[in-house]
Amino acid sequence: MEPVLIDTFGRRAVDLRVSLTDRCNLRCSYCMPEEGLSWLAKQDLLDDQEVIRLVRIAVTRLGVTEVRFTGGEPLLRPGLVGIVAACAELDPRPELSLTTNGIGLARTAGALRAAGLDRVNVSLDTLDRETFRTLTRRDRLHDVLEGLAAAEAAGLRPVKVNAVLIRGVNQHEAADLLEWSLDHGYELRFIEQMPLDAQHGWDRGQMITAEEILHLLGERFELHPEPVAGRGAAPAEHWLVAGRTGPDGSPARVGVIASVTRPFCRACDRTRLTADGQIRDCLFAVTETDLRTALRSGADDEALADLWRTAMWGKRAGGGIDAPDFTQPERLDITVAIGG
Ligand code: SAM
Ligand code: SF4
Ligand code: SF4
């Protein structure tokens, strides 16, 4: 078989999202219920060596060029620095990044950088302490801001900030978040709220759309679509902010990712490994392929690579959330193990 992850629509998956834990120290309302989830048992989680082996297979046998660690909260994984270091030694060397809520990054950013981490995305939806407490059900805004500053100081640049806007909670902060990010040299991306919460509380009618986000930003900023070769007729996802420059002197940009209203599944290049060793071909997949059992039963690298290829071959055309009758698959109860 070809040494790539390809599907029947001709898409190649080169971007691997690895969830390192389903646990989290926040309880963002759009992601987890207040009481948390029924966490995976330790023996069901891949251990560090198992994670490293599967990433090695993805990079050396399946053409993966980018590895992003996520969760749950990946900074809660004790072996994170060692996993990053081992992945940084792979040949070819993949791009290594981390999506985190930033809590604990102040302590670990330097070590992660030294281990070979290239970039971080820190999730931050509000700059107001009370709103942060309402949204995440924890009083940790200060830790996140410290984490962001440490990431910047450690050279994990460009530091990206991911924000989700929730109607009636933080949508009035859209322009403030952009102003603040520009002032700090962080690159901000707004992401439409997706039906990913374990509580199944997502409501399409309540969701703040990309169009609305652009309107909110337009009240203070002049935005121009960033010209990008190759996106064809696809709507712009990144916008240049007139009159503002980024830390390297290039025009400042803001991302508005319309995952719901303008999904870009036709160009999807992602494959996912859950914390318990399952391959998911899409964020909204209703089935998974169990690599952990095969791995623990003694399958060799090529057999695991074959299972992975077969899993991706069957990927559907899209996640289906743009369909008005979309219903959230039950299995999404463990979304945080999938890694957003
Ligand atoms: N805990 C880390 C964090 O928050 O960055 C990593 C895991 S989290 C599941 C990954 C990303 O998914 C975060 O940026 C988060 O804002 C986003 N996310 C979670 N639930 C979401 C939802 N319902 N819609 C859109 N994005 C969501
Ligand atoms: Fe935790 Fe990230 Fe989910 Fe928030 S979005 S509850 S930080 S996993
Ligand atoms: Fe890819 Fe699925 Fe997301 Fe579409 S919904 S971009 S197919 S992961």
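Take every Cα-Cα pair in segment 168-211 and report what % of them are more than 11 Å apart. Tail of the P(r) past 11 Å holds 73 percent of the pairs.
Taking a ≥ b ≥ c as the square roots of the Cα gyration tensor eigenvalues, segment 276-315 comes out oblate, since a/c reaches at least 1.5 and a/b does not exceed b/c. Estimated at 0.36 nm per residue, the fully extended path between residue 287 and residue 228 surpasses their Cα-Cα distance by 17.9 nm. Taken along the Cα-to-beta-carbon direction at a fixed 7 Å, the label points for residue 25 and residue 66 span 2.8 nm. Applying 1/(1 + (r/R0)^6) with r as the Cβ-Cβ distance of residue 245 and residue 129 and R0 = 35 angstrom yields a FRET efficiency of 0.75. Annotation: extensible slack from residue 200 through residue 88 equals 36.6 nm (criterion: 0.36 nm per residue apart, minus Cα-Cα distance). Mean-square fluctuation check for the chain, GNM, Cα pairs under 10 Å: which of 134, 274, 70 is largest? Judging by the Gaussian network model, the answer is 134. Between residue 4 and residue 267, the modelled label-to-label distance comes to 1.7 nm, taking each label 7 Å out from Cα in the direction of the beta carbon. Mean-square fluctuations from a GNM of the chain, with a 10 angstrom spring cutoff on Cα atoms, peak among 139, 125, 203 at 203.
Of all the options 122, 228, 144, the one that moves most in a Gaussian network model of the chain with Cα springs shorter than 10 angstrom is 228.
If each of residue 111 and residue 238 carries a label point 7 Å out from its Cα toward its Cβ, how far apart are those two points in nm? Once both label points are built, they end up 3.2 nm from each other. Stretching residue 50 away from residue 180 to a fully extended chain increases their span by 42.8 nm, per 0.36 nm per residue minus the current alpha-carbon distance. According to the Kirkwood relation over distinct C-alpha pairs, the hydrodynamic radius of the chain is 20.5 Å. With a Förster radius of 22 Å applied to the C-beta separation of residue 301 and residue 81, the computed FRET efficiency comes to 0.35.
Computed from the coordinates by the stated procedures, all read-outs in this text should not be read as laboratory data. Just so it is clear, the model here is predicted, and its values are computed rather than measured. Positions of Cβ are generated from backbone atoms using ideal geometry, with glycine treated the same way; all protein chains shown enter the neighbour counts.
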